Ligand code: SAM
Ligand code: FES
């Protein structure tokens, strides 16, 4: 099969076997990439029209017990200036976001043991009580089944936990004292509980190959998450990977289009990391099949402390400024902003 036929098969069947996927990644040229992104756009338009959903990201703690080799807030980075927001600060941030029109709040942080289950449940219940029309997304790492269930019962709707890479060998080399199997189990547990679940991976990690991406794509097809977050790896100066090269735009946008065809209804962010490696990265992500953007709502005083990688954009702007800028960017490439909850079209909460 030639590349174009493989793209047609992916479009029609939402599936490729490993050999076909690898062939596509190894052989895609400019013309076929254009064809791939046209198909991806066709599919996203069929399910989501021109809408781009906005999520308000609240980075509420940069304390972390883990030591991921790529991450600027890893435990052993002694240069990181640590902070955690109080419950009142989190609620005030939600209030500001609500007034700007946001109806999804994403609470993201390192794995901070200060936030016990009781504290998290309290935070979730208070957000849901004050903003009942809003969705709450958590992104706070690996927890037990019971913890995930408690947060869900308290009202959390969605959970983002990137698998980071589906290559066990690569995963192990990047995550000291963590278990690949546990990360994968967490994702299945989240699905079992009833969350809208987001998995995802980084692009351009040291020694990462197209064979590794095939594993990522096969894993995503098997898990069938409601959301997929992918973005380029970008080095951070205070990590062991400081001297490495960042992931590239072209590979990231190709993978976005492939994921759109593999999981047609998926909620797929065009990430801040993509906007960091290229000034038009987020727009190009949308044109490749992405349909979500996650502007930062975190208080301006803490923005630059949540430094996962060097050069992160939007650390100096107020949330309102970010919103205007993003709306313009989204409209400049022919899409329209939707500030609603923006659930996955297939998902119903049944608890
Ligand atoms: N602690 C939570 C977890 O493990 O899922 C959420 C916070 S973690 C900082 C959020 C995501 O940031 C990770 O899943 C990872 O993919 C991404 N990330 C961390 N360091 C990065 C880097 N140097 N370049 C690009 N993305 C990075
Ligand atoms: Fe924990 Fe990055 S090492 S959030």
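Every read-out reported here was derived from the displayed coordinates using simple, explicitly stated rules and does not represent laboratory data. Since the model is a prediction, treat every value here as computed from it, not as a measurement. Don't worry about glycine lacking a Cβ; one is built from the backbone with ideal geometry, like all the others, and counts go over all protein chains shown.
Structure notes:
- Estimated 222 nm signal from helices in the chain, with DSSP H stretches of n ≥ 4 weighted -39500 (n - 2.57), rounded to 500: -13500 deg cm²/dmol
- Potential lengthening between residue 192 and residue 237 on full extension [0.36 nm per residue; Cα-Cα distance subtracted]: 12.4 nm
- Three-way shape label, the chain, alpha-carbon gyration tensor, a/c 1.5: rounded
- D (Stokes-Einstein, µm²/s), Kirkwood Cα radius, segment 46-178, 0.890 mPa s at 25 °C: 152 µm²/s
- Taking the inverse of the mean reciprocal distance over all distinct Cα pairs, the Kirkwood hydrodynamic radius of segment 124-178 comes to 13.1 Å.
- Potential extension, residue 34-residue 133 segment - 0.36 nm per residue separation minus Cα distance: 31.7 nm
- Placing pseudo-labels 7 Å out from each Cα toward the beta carbon at residue 333 and residue 224 gives an inter-label distance of 2.9 nm.
- If you wrap segment 59-131 in the convex hull of its Cα atoms and look at it from every side, the mean projected area works out to 5.4 nm².
- For the pair residue 172 and residue 146, label points projected 7 Å from Cα toward Cβ lie 3.0 nm apart.
- Counting only alpha carbon atoms, the long axis of helix 117-130 and the longest principal axis of the chain meet at about 90°.
- A full extension of the chain between residue 320 and residue 207 corresponds to an added length of 36.7 nm, given 0.36 nm per residue minus the alpha carbon distance.
- Coarse-grained scattering of segment 38-92 at q = 0.13, 0.21, 0.28, 0.31 Å⁻¹, given as base-10 log I(q)/I(0) from a Debye sum over alpha-carbon atoms: -0.61, -0.79, -1.12, -1.18
- Using distinct alpha-carbon pairs, which all enter the 1/r mean, Kirkwood radius of segment 203-289 in Å: 13.4 Å
- Here residue 304 and residue 15 are evaluated by their C-beta separation; at R0 = 35 Å the FRET efficiency comes out at 0.25.
- Orientation-averaged projected area, Cα convex hull of segment 273-351 (nm²): 6.9 nm²
- When the alpha carbon coordinates of segment 241-313 are projected onto the principal axes, the ranges are 39, 30, 19 Å, largest first.
- Using alpha-carbon coordinates, inclination of helix 319-332 to the longest axis of the chain, degrees: 20 degrees
- Counted over segment 174-247 with a bin width of 10 Å, the fraction of Cα pairs per bin, in whole percents, is 17, 43, 33, 8, 0.
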